[in-house]
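Novice: Take a look at the following structure, please.
The values are calculated or read from the model by the stated rules, or taken from the named source; none is laboratory data. All figures in this text were calculated on a predicted structure; none of them were measured in a lab. Cβ: placed from backbone, ideal geometry, glycine included. Neighbour counts: every protein chain shown. Accessible surface areas use protein heavy atoms only, side chains included; no ligands, DNA or RNA. Shrake-Rupley method; radii C 1.70, N 1.55, O 1.52, S 1.80 Å.
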Protein chains: 2
Amino acid sequence: MKVSLLAALLCIPAFTIRADEGMWLFDQPPRQLLRERHQFDATDAWLEHLQKASVRFNSGGSGSFVSADGLLISNHHVGADSLQKLSTKEKNYLHEGFYARAPTQELKCLDLELNVLQAIEDVTARINTAVPKDADAATAFAARRKIIAEVEKESLDRTGLRSDVVTLWEGGAYHLYRYKRYTDVRIVFAPEQQIAFYGGDPDNFEFPRYDVDICLFRAYENGQPAKVKNFLRFSAAGARDGDLIFVSGHPAGTSRQITLAEWESHRDQRLPYYLGLLKRQEVLLANWSARSEENARRAKDDLFGVQNSRKAEDGVIAGLLDPSMLSAKVRAEEDFKAKLAGKPEFADALAGYDKIAEATRILAAQAVRARVLEAGQGFNSASFGIARTLLRAGDERPKPNGERLTEFSDSGKESLELELFSDKPIYADFEMLTLADSLTFLVEALGVGDPLVQKILAGKSPRERAAELISGTKARDVAFRRRLYEGGAVSVSAANDPMIALARLVDADARALRKVYEAQGEVKQQAHAAISRARNSLLGTTGYPDATFTLRLAFGVVKGYEDAGKQVPAVTTFAGLYERAQEMKNRPPFDLPPLWVKRKSSLNLNTPLNFVSTADIIGGNSGSPVVNRAGEFVGIIFDGNLQSLPWDYAFSDKQGRATSVHSAAILEALDKVYGAQELGRELLNGRRSK
Amino acid sequence: MKVSLLAALLCIPAFTIRADEGMWLFDQPPRQLLRERHQFDATDAWLEHLQKASVRFNSGGSGSFVSADGLLISNHHVGADSLQKLSTKEKNYLHEGFYARAPTQELKCLDLELNVLQAIEDVTARINTAVPKDADAATAFAARRKIIAEVEKESLDRTGLRSDVVTLWEGGAYHLYRYKRYTDVRIVFAPEQQIAFYGGDPDNFEFPRYDVDICLFRAYENGQPAKVKNFLRFSAAGARDGDLIFVSGHPAGTSRQITLAEWESHRDQRLPYYLGLLKRQEVLLANWSARSEENARRAKDDLFGVQNSRKAEDGVIAGLLDPSMLSAKVRAEEDFKAKLAGKPEFADALAGYDKIAEATRILAAQAVRARVLEAGQGFNSASFGIARTLLRAGDERPKPNGERLTEFSDSGKESLELELFSDKPIYADFEMLTLADSLTFLVEALGVGDPLVQKILAGKSPRERAAELISGTKARDVAFRRRLYEGGAVSVSAANDPMIALARLVDADARALRKVYEAQGEVKQQAHAAISRARNSLLGTTGYPDATFTLRLAFGVVKGYEDAGKQVPAVTTFAGLYERAQEMKNRPPFDLPPLWVKRKSSLNLNTPLNFVSTADIIGGNSGSPVVNRAGEFVGIIFDGNLQSLPWDYAFSDKQGRATSVHSAAILEALDKVYGAQELGRELLNGRRSK
């Protein structure tokens, strides 16, 4: 015991960083690791350029600027949300693709917000100082919410930049992130979904893979293409097997530093619940889609999202049920606790584990009710979301900034209004479908006998009630939303809207559940902060915190892997795409778009199409640029393989790989398939032709 | 109170039979109802002929003889099980269809058993007398099991006929059913699944409908076509709008006479659990199917079954969550209880409600564990089923007949062996898929920490463990099965088969759970018997018991219905089929088989294709003959509409309808599409041409 403890104190780093693990903070990059392992010097200039060329899609995803004229690239499946909202029965951009041959043809997205990280500031001390030491959890939470709102507002007022205080290390640190914001974003090019997501759900998360999963946008300012200083030079050669590459993107969330108690709760409660819900929704949407082409179009993006999450989470749970992953987790926690034991200065850290376990138990007991009522999973419809936002905006906006529900804080106002007043289509039939099913789920989850359930159903069956609510609400009318939002609580009450009445009916219970989450979340953050301090003190401050949908740097090598005794090469080609189509007899989802059949002979079939690397990524990294040592764009992340799915909880590059579209494939497809030479030139020259 | 009680005693029938409700016993037919409502006289001869022409498919379904030479007809989706088992990668009968132009080409089914009801005998008194009055539930169950096994064995020995004691009225009566058994059954004709199940899952349970859901078989005896005295004459004209029709088939089960406590338990526990499992399996099978054509072929029949059940049960739960259905149930039970109150002679019936409620609570508390371990839902694979049967056969067969688990009783031996030694293909990859998923489900359902779960997983992840079990077991080898079955417990132990070891590992827990089900089932049966006696005494003995997969007579009228303000006509035509295909752009599952495209011009497009009627049916009725007053075959049941789905719990013909293929469509398709003139002649002549 003593020897190993001594060894730990002397030489074992904070994490045993295996291979190319890590989603590193841009202000705490793994300089030493890169130098030692890859003989690469990550200079400040190199990092700043990459940071400022990286783009966050607020709808969930990553991207990067690729020309001085505001051109930026992400994945098709990141752009799909915007494409879906712009599509109609007559014009289905998702299915047909899109190319603006002239700037005037570019399609303005309805509610897309992009963020570009400008600066990071550590505000941990300021936040923690404002939280009284021995307050109860609810008071501490209120104080923390207040100071965070204050810091954000102050920064917004001073800089005009979007300002978010981000919780890192599960509560160990608080950083202020300032972003330049773009809300006039236009679609320049999208391929057909059939080639972007070639192989559909069956090939999703698989490799070898053959997807042209890209979408090009242009950011505008004051009605003109944004002038961008930091953009990535496009490499025509692109990534090669064995190359060191970097990924700069926005992994949405990981759970690598949670305690064993939290880990077990995810495995035993959260994930099974979530998977059950996803499979329920998948069956609902898939079967509704099969009833007509127009149904399929309306449900397309939602169905993709559900299937994508389902396949990912099925992979995650398979990982969590692998005893070797559990025993590694158990061992790591036991070892670290052993280091804390008997040391008064780490007593709070050691006690933190028990506090987290207790808070986890409390939350688990409320979880289903909270998800159904407060997270709104019992009222699955855009209309309910709008109705609740209007109701709560009326109640929250008159309060002081620091006392509001966080989504109504001044710093979040612009983003909230962009979404609330979006002109996106909301289809009554689709709303009834999802609301009826989720009301049925609510009854199952909370019980027919629950008094609130009885009030929610109002003496009707879920189907009848859903039909009545969706027919009766005016939530689909943007002018109505504006009027109520601006008129405040009085207008909201006067509107007598049945969906708002439903939101009001559940609001007391929903808010009470949220308070439990806030208070227990505070307990966990404080406990994690203590553990974090102990770790820094014992093991130094190296490492990287769990992902938080903030900009991170990952690195790795373009590299194949062995699967079931066979070597899987790192790179696929267009030739492989056509072979796959033939092998699968062009049966959907392995059919090729007509243009790809027609232009086959024009293509250089040896062009690299997709490739895998050992870079550490997760959901949210979709669309992240892959750059080489020179900082050039050599590819774009769009997926991970099946073996990467448990990365949510622990990284391993034994077989796990990140999957990218190769830069050469993008150029070749634009040129030979789509006749988009002008766009290809902009990528190669880094600016539009005059 | 008094008046209504008096009214009840004087004139209100046992059930308020609404409209054409009822799944009537053949020995207690609704003669009076038919006479009064439809001026039809159901003579003994008419009934006996229909009874003996009706066929039960032991695999789950109904059918009828339609020629003196053993030709019989059922649904394609009933025959699908046999077609799937006979298909290979090279020859997919399910997809391509099949027609034996000569008797020698007829395809012998691997493990199909048909039953034809010969006689019914009421054995209630004999069964109940053998059960000691004041014994505890377990003892009473054992006594009941023993006497049932005895009655069955005695009948089998005496008559050579399959002899089943059937529990009716949830325990109110016990009838001995004797069947002629056919186990040499050959497929004569099956259309392509694409026309049999035209419109697939999206159009399943919908109307208007356009399916040629038929399959023709021939029963053999001693290697020769069976000579059949009772068969149905095929009507070329078939059913017409407004006609009185009869359905003779085997509804598998309904829950109309359960108590409110049981009803609520179905709604709150059983159905949500079952639907969750179905949706989980649908996602699993659909996505595995999408990965390759061969996967799709292997999973086809299972996927159909899962989707079919899921759509049905979604409809059932929608019905149960309709407050009007609940209030009708509540009122009926309250009214009847009011009639019992204060009457010492009905005290046991009144107390029965509480006993049933208590038993239902006990069962609900054990239900998940029982389903996972004893019903085997945690080990979803053919191999596990075989392994468990071998293990238990070794343990059970040496016991006296009346003390064995019921499935090992002497009277069930022939059926059990037919299934156990079936040469049906079992695919290792498919087995691993379903076993891995169900082991994951087992972990979720029982918890990782459960000691038995730990032993089941044996230190491996569900996927690893499934792969190891399926690779290691010899259950797929029929010779191995025979050897172990014949060698008994010693051979079973000596085999050291890992899947049998797994079955043994869970057997003590599984059997213990089964004992709970047996004992509480006995409690419920006794309580229902008391309620049943009170009902007979108060209201007379008219009415029909819940469905039990025994032969029932339903009747109704060919009749359209109103839906969303529009009148849905009762009959569709071939013209409608081609219009539907065009409307849906021939997109799967609305594409037509090539032969149907080619032969369109030969068809009389005005031929009736499908029709709806008010006959009371449920799952298991699939393939039931629809006959007219003359007892002629005018159609074949294959489905009910969406509004019929809650019929499981309560009948209503406001919109609910049974759906049939019209006899004229069958003749027209055989003649014009398939060139099966010989078969058409046999149907019209009632015998093969010489």
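Novice: Check off (1) touching a Leu at 6+ places or on another chain (Cβ under 8 Å); (2) part of a strand (DSSP E or B) for B:Leu176 and give me the number that stays unchecked.
Specialist: (1)
Novice: For segment A:297-306, what are the residues that are surrounded by fewer than 20 Cβ atoms within 10 Å (Cβ to Cβ) and at pLDDT 95 or above?
Specialist: A:Arg297, A:Asp302, A:Leu303, A:Gly305, listed by residue number.
Novice: Here is a follow-up. Residues in segment A:391-403: is at least one assigned to a helix (DSSP H, G or I), crowded, with 21+ Cβ neighbours inside 10 Å, within 11 Å of another protein chain (Cβ to nearest Cβ) and more than 26 Å from the chain's Cα centre (by Cα)?
Specialist: Within segment A:391-403 (the criterion being assigned to a helix (DSSP H, G or I), crowded, with 21+ Cβ neighbours inside 10 Å, within 11 Å of another protein chain (Cβ to nearest Cβ) and more than 26 Å from the chain's Cα centre (by Cα)), the answer is no, since none of the residues qualifies.
Novice: Sticking with this one: For the list (1) closer than 21 Å to A:Gly640 by Cα; (2) within 14 Å of chain B (Cβ to nearest Cβ); (3) small (Gly, Ala, Ser); (4) surrounded by 13 or more Cβ atoms within 10 Å (Cβ to Cβ), I need the number of the one condition that A:Ala564 fails.
Specialist: (4)
Novice: Being surrounded by fewer than 24 Cβ atoms within 10 Å (Cβ to Cβ) and either of a type in the set (Ser, Thr, Tyr) or farther than 27 Å from A:Glu106 by Cα (or both): is that true of A:Arg599 here?
Specialist: Taking the combined requirement at face value, the residue does not satisfy it.
Novice: OK, next. Run down A:Val316, A:Val330 and say which single residue is within 12 Å of chain B (Cβ to nearest Cβ) and at pLDDT 95 or above.
Specialist: Being within 12 Å of chain B (Cβ to nearest Cβ) and at pLDDT 95 or above holds for just one of A:Val316, A:Val330, which is A:Val316.
Novice: Of all residues in segment A:73-86, how many are in contact with a Leu (Cβ under 7 Å, 6 or more places away or on another chain) and open to solvent by less than 10 Å² (accessible area, probe 1.4 Å)?
Specialist: 4
Novice: Another question, then. For segment B:567-594, how many residues meet the condition of being within 12 Å of another protein chain (Cβ to nearest Cβ), open to solvent by less than 20 Å² (accessible area, probe 1.4 Å) and out of contact with any helix residue (DSSP H, G or I) (no Cβ under 9 Å at 6 or more places or on another chain)?
Specialist: Residues meeting the conditions: 0.
Novice: One residue is enough: does segment B:636-645 have a residue meeting the conditions surrounded by fewer than 24 Cβ atoms within 10 Å (Cβ to Cβ) and either basic (Lys, Arg) or more than 22 Å from the chain's Cα centre (by Cα) (or both)?
Specialist: Within segment B:636-645, not a single residue is surrounded by fewer than 24 Cβ atoms within 10 Å (Cβ to Cβ) and either basic (Lys, Arg) or more than 22 Å from the chain's Cα centre (by Cα) (or both).
Novice: State the number of residues belonging to segment B:129-163 that are among the β-branched types (Val, Ile, Thr) and surrounded by fewer than 16 Cβ atoms within 10 Å (Cβ to Cβ).
Specialist: Adding up the residues that qualify gives 3.
Novice: Could you check, for segment B:164-179, whether at least one of its residues is without any contact (Cβ under 8 Å) to a residue 24 or more places away in the chain, open to solvent by less than 40 Å² (accessible area, probe 1.4 Å) and under 30 Å from B:Gly352 (Cα atoms)?
Specialist: No: segment B:164-179 contains no residue that is without any contact (Cβ under 8 Å) to a residue 24 or more places away in the chain, open to solvent by less than 40 Å² (accessible area, probe 1.4 Å) and under 30 Å from B:Gly352 (Cα atoms).
Novice: I've got another one for you. Specify which of the listed residues (A:Ser67, A:Ser62) is at pLDDT 95 or above and more than 30 Å from A:Thr542 (Cα to Cα).
Specialist: A:Ser67
Novice: Can you pull out the residues in segment A:602-618 that are more than 20 Å from the chain's Cα centre (by Cα), open to solvent by less than 10 Å² (accessible area, probe 1.4 Å) and not polar (S, T, N, Q)?
Specialist: Those that are more than 20 Å from the chain's Cα centre (by Cα), open to solvent by less than 10 Å² (accessible area, probe 1.4 Å) and not polar (S, T, N, Q): A:Leu609, A:Phe611, A:Val612.
Novice: Further, regarding this structure: Just for segment A:251-293: of the residues that are of a type in the set (Asp, Glu) and open to solvent by less than 30 Å² (accessible area, probe 1.4 Å), which one is nearest to the other protein chains (Cβ to nearest Cβ)?
Specialist: A:Glu282
Novice: Right, something else. Hey, can you tell me all the residues within segment B:26-58 that are part of a helix (DSSP H, G or I) and open to solvent by 70 Å² or more (accessible area, probe 1.4 Å)?
Specialist: Selection gives B:Arg31, B:Gln32, B:Arg35, B:Glu36, B:Arg37, B:Asp44, B:Ala45, B:Glu48.
Novice: Can I ask one more? For A:Leu340, state whether it is modelled with pLDDT of 95 or more, away from chain B (no Cβ under 14 Å) and open to solvent by 30 Å² or more (accessible area, probe 1.4 Å).
Specialist: For A:Leu340, the condition - modelled with pLDDT of 95 or more, away from chain B (no Cβ under 14 Å) and open to solvent by 30 Å² or more (accessible area, probe 1.4 Å) - is not met.
Novice: Which condition does B:Gln454 not pass, out of (1) open to solvent by 10 Å² or more (accessible area, probe 1.4 Å); (2) away from chain A (no Cβ under 14 Å), if it passes all the others?
Specialist: (2)
Novice: Let me ask something else about it. How many of the residues in segment B:100-128 are open to solvent by 10 Å² or more (accessible area, probe 1.4 Å), in a strand (DSSP E or B) and not hydrophobic (A, V, I, L, M, F, W, C)?
Specialist: Selection size over segment B:100-128: 4.
Novice: Being closer than 23 Å to A:Phe430 by Cβ and touching a Lys or Arg at 6+ places or on another chain (Cβ under 6 Å): is that true of A:Phe441 here?
Specialist: no
One line per residue, one yes/no per condition, for (1) over 24 Å from the mean Cα position of the chain (by Cα); (2) not acidic (Asp, Glu):
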position: B:Phe234; (1), (2): yes, yes
position: B:Ala237; (1), (2): yes, yes
position: B:Phe246; (1), (2): no, yes
position: B:His266; (1), (2): no, yes
position: B:Glu282; (1), (2): no, no
position: B:Asn287; (1), (2): yes, yes
position: B:Ser292; (1), (2): yes, yes
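Novice: Return the residues of segment B:461-470 that are open to solvent by 60 Å² or more (accessible area, probe 1.4 Å) and within 13 Å of chain A (Cβ to nearest Cβ); say none if nothing qualifies.
Specialist: B:Arg463, B:Glu464 - these are the residues of segment B:461-470 that are open to solvent by 60 Å² or more (accessible area, probe 1.4 Å) and within 13 Å of chain A (Cβ to nearest Cβ).
Novice: Just for strands (runs of 3 or more DSSP E) wholly inside segment A:530-647: which have at least 3 residues that are of a type outside the set (S, T, N, Q)?
Specialist: Ranges flagged: A:552-557, A:561-563, A:608-613, A:625-627, A:633-640.
Novice: Out of contact with any Leu (no Cβ under 9 Å at 6 or more places or on another chain), surrounded by fewer than 20 Cβ atoms within 10 Å (Cβ to Cβ) and hydroxyl-bearing (Ser, Thr, Tyr): does that describe B:Ser309?
Specialist: So B:Ser309 does not fit the description; no.
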